[in-house]
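Below: the structure, in structure tokens.
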Amino acid sequence: MLKRTIIMKRIYFDFRIISAILHDACAILIAWMLAFAIRFNFAIPAEHIASMWLSMAWILPMQLCLFIFFGLYKGIWRFASTVDLTRILLVVMFGAVLTPALLLMFGSPYVVPRIVLLLYPVFLLLIMGGSRFAYRLLKEYANFGALLKQGDPVVILGAGQAAISLVKELSRSKQWRVVAMLDDDASIHKREILGVKVFGNLASLSQIYQAYQVQHVIIAMPSASHQKRRKAVELANNLNLEILTVPAIDDLMSGKVNISQIRKVDVEDLLGRDVVQLDDTGLQHLIEHNTVLVSGAGGSIGSELCRQILKYKPSRLVCFDISEYALYQLEQELQHNLTKDLAKDFGKVELIFVTGDVKNEARVKHLFSKYQPKVVFHAAAYKHVPLMETHNVAEALSNNVLGTYVLASASMQAGVEKFVLISTDKAVNPTNVMGASKRLAEMVCQSLEGGTKSKTHFVIVRFGNVLGSSGSVIPKFREQIAKGGPVTVTHPEITRYFMSIPEAAQLVIQAGLMGNGGEIFVLDMGEPVKIAELAKDMIRLSGFQHDEIKVVYTGLRPGEKLYEELLADDEHTQPTPHPKLRIAIARKADAIWVKKLLKWVESSQLANESEIKKQLAFWVEEYVESAPVIVSTEVITLSNTLH
């Protein structure tokens, strides 16, 4: 059965090619005869009729040979495009030059008028190109013509390249029927794109809603600023429309998805940030053909760092993590990508996945000795504030401080050029153990900068929360909404900074390139977001009305602050060439101080946690243990306005 199917397909394929060749042979005959007919006003003299047929005897096979040589029969007519038209144009032009050249070279015994040599290629191009596109139109109408009046009416917000591609894709959809496009570009208002009218700006949505009774809008502005996308969401929400969007511009450019894979708008789209501009040339020099090690590679930031680093084609990427499962997941993803089409983007990269604890000095030194990394990104850390505040104080200090020192010292001994520490905004005026431990890690790295005979430069990057990271509030809210609520918020006034995981990773790599050693880079986190308003946004975007999901305030957790800071009271910043990076001028420590600190951390493993917290204030002057904040449990419902 399979063999018979293959034979039938082969016969059909051969028949299609033969049919196309016969069609083009007829096109050559018609174009040649038409050129003669027009030259003589459709009254061709007898002697010229003989010339026409005699010249055709060699022009026809010559032209068909050119068509085959130029690959004219590799395409499929029902998918004819400008690529096919360009190919036809080239071969016809080549034939138009070759025909008189051969006539002149071989001294033809018959006369071909010069105007015929000019008219023939024009007619041939029109017949061949026109017939192919006419065939495609007929096929598309036969396949999709009945769909033009089917499907739910939908409005597309945006009229750029992404929107145009989407209109083209949806024209073949049984589910959607595009009735209007809206865009703030006044120069295209009242004009049509692929048969769809651009009625006006985004604010015209209410009029379109009333005119067409639409229930859905698709936001097709992947490269627009997040403020503009948020405005579009608010306009649609005010009309209680279901909102969909096209994939993000990074996903479209990487080829992970295509424009037709529309999805519901998520909160990440509202908190999204503008595209980061990177110094690709500099990053290429830093990473390409070099060995890079990422600690905490299985985590949210660590895994994204690995993805971003691969784009710059290191010779080897060492992924180091204590979690076997997280490392396994990363291995499956990266190995899969390297065996797909993405291999051409990443080049030949040796991927090394190693488990281990950053505090294990022997293990760390062995890895550095074996793989000799040039650049190290240290993302391994305990970061969950409430968990580290109780029952895990000593371990938080040991992992975040001692682990950083072990990794940094091994980097110096192995001759690593750049060591980049991933820090946090919670290290600023810390009120919790996690934040204080990360501030100490910063000071450890700064103390090692410029050490004796060391060529390693230490760079610290400080930023806030990332969207969707493990343990962050957004996955928690999403899970609570899926269960029907309530959504729990610790305090009505609590605020946090947010940025996307890819943006954070990109800026970390950029800071690593720019750093000369000892700097603390502070990322531009944008405007702080009220967590209560974020919860309301997520409830509304999940399709629930204002009274269906409740928001409950539970009170601040141990060590939690109402708001985070990016700079301490005694710090100020200096600008950098990158608009989203600044350098904090912070208090530093020397090697003697760090030596005493490490002894204290090691001696505190079995100490009472209350005592450790008291002593912590000596090492981190800005640290003030937070007092519990009592907030009476309050239940609110979502207001009618999207914030």
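The values are calculated or read from the model by the stated rules, or taken from the named source; none is laboratory data. These numbers come from a predicted model, not from an experiment. Cβ sites come from the backbone with ideal geometry, for glycine too, and all protein chains shown count toward neighbours. Surface areas here come from the heavy atoms of the whole protein model, side chains and all, with no ligands, DNA or RNA. Shrake-Rupley method; radii C 1.70, N 1.55, O 1.52, S 1.80 Å.
Figures for the structure shown
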quantity: Matching strands (runs of 3 or more DSSP E) fully within region 269-363 where at least 1 residues are of a type outside the set (Phe, Trp, Tyr) and modelled with pLDDT under 75; calculated: none
quantity: Qualifying residue in region 72-87 (condition: open to solvent by less than 30 Å² (accessible area, probe 1.4 Å) and modelled with pLDDT of 80 or more); calculated: no
quantity: Filter result (within 23 Å of residue 171 (Cβ to Cβ), touching a helix residue (DSSP H, G or I) at 6+ places or on another chain (Cβ under 9 Å) and free of Cβ contacts under 8 Å to residues at least 24 places away in the same chain) within region 196-229; calculated: 199, 200
quantity: Region 16-38 residues that are over 12 Å from residue 63 (Cβ atoms) and touching a residue at least 40 places away in the same chain (Cβ under 8 Å), paired with ones that are of a type in the set (Gly, Ala, Ser) and surrounded by 13 or more Cβ atoms within 10 Å (Cβ to Cβ) (beta carbon under 8 Å, 6 or more apart); calculated: 23/131
quantity: Top-ranked residue of region 354-385 - restricted to ones that are among the hydroxyl-bearing types (Ser, Thr, Tyr) and touching a helix residue (DSSP H, G or I) at 6+ places or on another chain (Cβ under 8 Å), ranked as surrounded by the fewest Cβ atoms within 10 Å (Cβ to Cβ); calculated: 369
quantity: Failed item, numbered, when residue 241 is tested on (1) within 20 Å of the chain's Cα centre (by Cα); (2) closer than 30 Å to residue 172 by Cα; (3) modelled with pLDDT of 70 or more; (4) open to solvent by less than 20 Å² (accessible area, probe 1.4 Å); calculated: (1)
quantity: Breaking point among (1) without any contact (Cβ under 8 Å) to a residue 24 or more places away in the chain; (2) touching a Gly at 6+ places or on another chain (Cβ under 7 Å), for residue 427; calculated: (1)
quantity: Candidates 390, 404, 431 - the one that is among the hydroxyl-bearing types (Ser, Thr, Tyr), open to solvent by less than 20 Å² (accessible area, probe 1.4 Å) and closer than 20 Å to residue 612 by Cβ; calculated: 404
quantity: Among the candidates 501, 494, 474, residue that is modelled with pLDDT of 80 or more and out of contact with any Cys (no Cβ under 9 Å at 6 or more places or on another chain); calculated: 494
quantity: Of residues in region 414-428 being more than 29 Å from the chain's Cα centre (by Cα) and at pLDDT below 90, the one surrounded by the most Cβ atoms within 10 Å (Cβ to Cβ); calculated: 427
quantity: All positions within region 434-457 that are touching a residue at least 24 places away in the same chain (Cβ under 8 Å), open to solvent by 20 Å² or more (accessible area, probe 1.4 Å) and not polar (S, T, N, Q); calculated: 448, 449, 450, 451, 455, 457
quantity: Output for region 177-223, where each listed residue is touching a Pro at 6+ places or on another chain (Cβ under 6 Å) and assigned to a strand (DSSP E or B); calculated: 177, 179
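The rows are residues; the columns are (1) over 15 Å from residue 113 (Cβ atoms); (2) open to solvent by 70 Å² or more (accessible area, probe 1.4 Å).
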residue	(1), (2)
28	yes, no
33	no, yes
36	no, no
48	no, no
64	yes, no
